[in-house]
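For reference, the structure is listed below as structure tokens.
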Amino acid sequence: MVERVIRTLREQCAHRYRFETLQHASRIIGDWISFYNHRRPHQALGMKTPAEAFTLTA
């Protein structure tokens, strides 16, 4: 599963930007991870985001 996330990160984020500094890369990748976890539906999760699929209920 980790390899798939890394591949998706490379394809959808890292290969699309030319990072000027480490801080720039950190911001862009951080924004992408937030998008991936909170806004991007995943087919394997029944078209839910990871945040929706793995929210613990009280």
With respect to ILE6, is the statement that it is touching a helix residue (DSSP H, G or I) at 6+ places or on another chain (Cβ under 9 Å), part of a helix (DSSP H, G or I) and of a type outside the set (D, E, K, R) true? no
Can you find even one residue in segment 46-53 that is among the aliphatic types (A, V, I, L, M), surrounded by 12 or more Cβ atoms within 10 Å (Cβ to Cβ) and either in a helix (DSSP H, G or I) or in contact (Cβ under 8 Å) with a residue 60 or more places away in the chain (or both)? yes
How many of the residues making up segment 9-21 are in a loop (DSSP other than H, G, I, E, B), more than 22 Å from LEU45 (Cβ to Cβ) and touching a helix residue (DSSP H, G or I) at 6+ places or on another chain (Cβ under 8 Å)? 2
Going through segment 6-45 one residue at a time, which ones are surrounded by fewer than 12 Cβ atoms within 10 Å (Cβ to Cβ) and charged (D, E, K, R)? ARG7, ARG10, GLU11, ARG16, ARG18, GLU20, ASP31, ARG39
Checked against (1) part of a helix (DSSP H, G or I); (2) modelled with pLDDT under 95; (3) not hydroxyl-bearing (Ser, Thr, Tyr), HIS24 satisfies every condition except (2)
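The values are calculated or read from the model by the stated rules, or taken from the named source; none is laboratory data. Note that the structure is predicted; figures quoted are calculated from it, not measured. Note that we place each Cβ from the backbone using ideal geometry, even for glycine, and neighbour counts take in every protein chain shown.
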